[in-house]
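Asker: This structure is in structure tokens; I'll ask about it shortly.
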Amino acid sequence: MKIRQSLSLLLLLMASPLANAGAVVSVRTDQPGARINPAMWGVFFEDINFGADGGLYAELLKNRGFEFPEPLMGWIKISPSLAKGELSVRTDAPFAPANPHYVRIMSEGTAPFGLSNEGFRGIGVRQGEAYNFSAEIRGVSGTPKLSVRLYGGDGAVLDSADLQNFTDTWQKYTATLHPADTDPKARLAVLLIGKGTLDVDFVSLFPEHTWKDRPGGLRADMVQALADMHPGFIRFPGGCIVEGSVLARRYQWKNTIGPLEDRKVLINRWNYEFVHRPTPDYFQSFGLGFYEYFQLCEDIGAQPLPILNCGMACQFNSGELCPMDQLDVYIQDALDLVEFANGSATSEWGARRAAMGHPGPFHMTMLGVGNEQWGPQYMERYARFSEVFRVKHPEITLVAAAGPSPSDQRFIYAWQQMRSLKADLIDEHCYAEPRWFLDHANRYDSYERSGPRVFMGEYAAQSVATVSPKNRNNLECALAEAAFMTGLERNADVVRMASYAPLFANTEAWQWTPDLIWVDSLRVVLTPSYHVQSLFARNRGDRVLPVALDSMAPEEARRVYVSSVLDESSGAVILKLVNAGPRESALSVQLDGIRHLTKGTMTVIRADSLGEVNSLDYPDRVSPTQSDFSPTDAKFEVTLPANSFTVLRVGTAK
Ligand code: AHR
């Protein structure tokens, strides 16, 4: 996260001894309350908006194995006027039975002839970086060469390499390309030079520089944005994608591990979900599968929180049910996932993990049963999972669904049922206008303190309306979320985890807005909401501190929100202060129980207008600014700028 130093803000927010401020914020630093879950603030990943293919998964070619229902989608035939040749899609004697289609390129040799891939709305390449090409190739006749050419958006050749000496069996051929220029809209062509015929499959192009430089790995800049947030957990793989519009199209983790060519391509439900945002070229390659997911969690110190299908397809679509007498297949999948993640390297599924390069366990401790399910059919399916897991894996915390709304009849029914089923964690979802989040900052103050705990598993303020394509990731939404999060934090005994949703969106291929992080083929934009999430996670603290707000005018109480935590290792008292309105707010802060103050910091996110957003061209319009903050007395005054979120870390010595 970029944090700018700003003298002007320092002056604006300068701490001074208590003078004539209005409202008083008292923090009982000597009465630490609930322990905050180290995994409190996490992220929700779903392959929506080109989040995986075309996003986090760094493969640059779309439909690399010709497995889309239109096998040449994403490809075009390159046949200059002098060329004489034929392209055909075949399935006989394929390279990989799970991905049976391949192309046969036959050329008379009169001119280069072949096909070119458009990438995911263009291939993003950088001058000075290397790109690894690979393809499975089988020679059929003649001795042609295969020219691999990277073209810029303007048609200029950025680099090329020739492959030759093909045999009559499938073999992997590789080349490294070094583009002469940076281009967000490059294309990759494979062209036969000379007379002959070749079979070609699994054509792939990856940046050499991926996250941790793993070959075939994840996009480094996108993972870095996640790592910088310090998320406590990663929920994966969604989202409705878990459910599928019908059960045959549900997410099945076993189809996402092992050699890439064994992972069957599946249509992505977001391909056709929204008539107003159709994305006909959206498919799941599962190159980012469950192994890569666990590895990502390990890399960035986040706990895994897989969500699996519970025998129900999306209830907004078919609502197809797996009959109860066939549910064991789904339960067994869940048990096998625990073994894949945690089992010894000699167990059946642990051995699969070890074969992929990770003999040790991934330490999975949580599992979601279904995504956004509701109704009696869900309760009976959840109950079966729960019975089995209580016996076989009591160490795994199960997450139960409560439907798509935070307050309707489906939600109330779910909570009643889940109480009697003694569920561990209930997954609440909420997409609503900013005012809802402000008005519900105290939602959990009155929740029962016994029984299931809350996982606020999907939430985001919607500037216009849920699923409106006009929603913007503006400051108003971010501040409303921050205000709501002060309430989650104050109630950390009840609310054990929370995640904003969705996480990623490609600016040229999204279905759902708002989203936490936007990308194009080369750039990453962090939204105001990202900065809020990140500041909460990086200033999580260990214990909730009681906060009292006095003498606040009613108008101010509708826009000013406060919470506080204690960071035990550093001794810092952390205050999160939201001013979601157009006037500044002068607060007198009183840290009861503090004797000695040391150096601290103040971090502020603000903008002149609540409508302000970050964009690819202006990525830092709303971003955190950090300055020193060292009050000399435990009573001090702070002025919160209009439209702002402030995190104060007050250093204390015991
Ligand atoms: O976050 C987008 C979608 O919203 C999720 O897939 C689903 O769980 C919810 O309805």
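Asker: In region 558-606, which residue that is small (G, A, S) and in a loop (DSSP other than H, G, I, E, B) is surrounded by the most Cβ atoms within 10 Å (Cβ to Cβ)?
Answerer: A580
Asker: State whether the residues of region 411-426 include one that is under 19 Å from the mean Cα position of the chain (by Cα), crowded, with 20+ Cβ neighbours inside 10 Å and within 16 Å of the ligand (Cβ to nearest atom).
Answerer: No, the conditions are met nowhere in region 411-426.
Asker: Do we have any residue at all in region 523-536 that's touching a residue at least 12 places away in the same chain (Cβ under 8 Å), part of a loop (DSSP other than H, G, I, E, B), outside the structural domain of S609 (by TED's automatic domain parsing) and out of contact with any Gly (no Cβ under 7 Å at 6 or more places or on another chain)?
Answerer: Yes, region 523-536 contains a residue that is touching a residue at least 12 places away in the same chain (Cβ under 8 Å), part of a loop (DSSP other than H, G, I, E, B), outside the structural domain of S609 (by TED's automatic domain parsing) and out of contact with any Gly (no Cβ under 7 Å at 6 or more places or on another chain).
Asker: Taking the criterion of being touching a residue at least 60 places away in the same chain (Cβ under 8 Å), among the small types (G, A, S) and closer than 23 Å to S499 by Cβ, would at least one residue in region 240-252 satisfy it?
Answerer: Yes, region 240-252 contains a residue that is touching a residue at least 60 places away in the same chain (Cβ under 8 Å), among the small types (G, A, S) and closer than 23 Å to S499 by Cβ.
Asker: In the list A465, A432, A480, which residue meets the criterion of being touching a residue at least 24 places away in the same chain (Cβ under 8 Å), among the hydrophobic types (A, V, I, L, M, F, W, C) and crowded, with 23+ Cβ neighbours inside 10 Å?
Answerer: None of the others qualify; the one that does is A480.
Asker: If I ask for residues that are hydrophobic (A, V, I, L, M, F, W, C), within 15 Å of the ligand (Cβ to nearest atom) and in a helix (DSSP H, G or I), which ones from region 476-515 would you list?
Answerer: Selection gives C477 alone.
Asker: Filter region 436-480 for residues that are under 21 Å from the mean Cα position of the chain (by Cα) and among the polar types (S, T, N, Q) and give the result.
Answerer: Q462, S463, T466, S468, N471, N473, N474
Asker: Tell me, yes or no, whether region 597-620 has at least one residue that is touching a His at 6+ places or on another chain (Cβ under 8 Å) and not β-branched (V, I, T). Spell out how you get there, then give the answer.
Answerer: So in region 597-620, the residues touching a His at 6+ places or on another chain (Cβ under 8 Å) come out as 605.
From what's left, not β-branched (V, I, T): none.
No, region 597-620 contains no residue that is touching a His at 6+ places or on another chain (Cβ under 8 Å) and not β-branched (V, I, T).
Asker: Additional query: Quick check on my filter: what residues within region 438-475 are within 25 Å of G33 (Cβ to Cβ) and within 16 Å of the ligand (Cβ to nearest atom)? Full working, then the answer.
Answerer: First pass over region 438-475, keeping only residues within 25 Å of G33 (Cβ to Cβ): 438-457, 459.
Result: F455, M456, G457, Y459.
Asker: Which is within 16 Å of the ligand (Cβ to nearest atom), free of Cβ contacts under 8 Å to residues at least 24 places away in the same chain and not charged (D, E, K, R), of S407, S344? Steps first, answer last, please.
Answerer: Details: S344 fails: within 16 Å of the ligand (Cβ to nearest atom).
Going through S407, S344 in turn, just one is within 16 Å of the ligand (Cβ to nearest atom), free of Cβ contacts under 8 Å to residues at least 24 places away in the same chain and not charged (D, E, K, R): S407.
The values are calculated or read from the model by the stated rules, or taken from the named source; none is laboratory data. Values in this document were obtained by computation on a predicted structure and should not be read as measured data. Please note: Cβ atoms are built from the backbone with ideal geometry, for glycine as well, and neighbour counts cover all protein chains shown.
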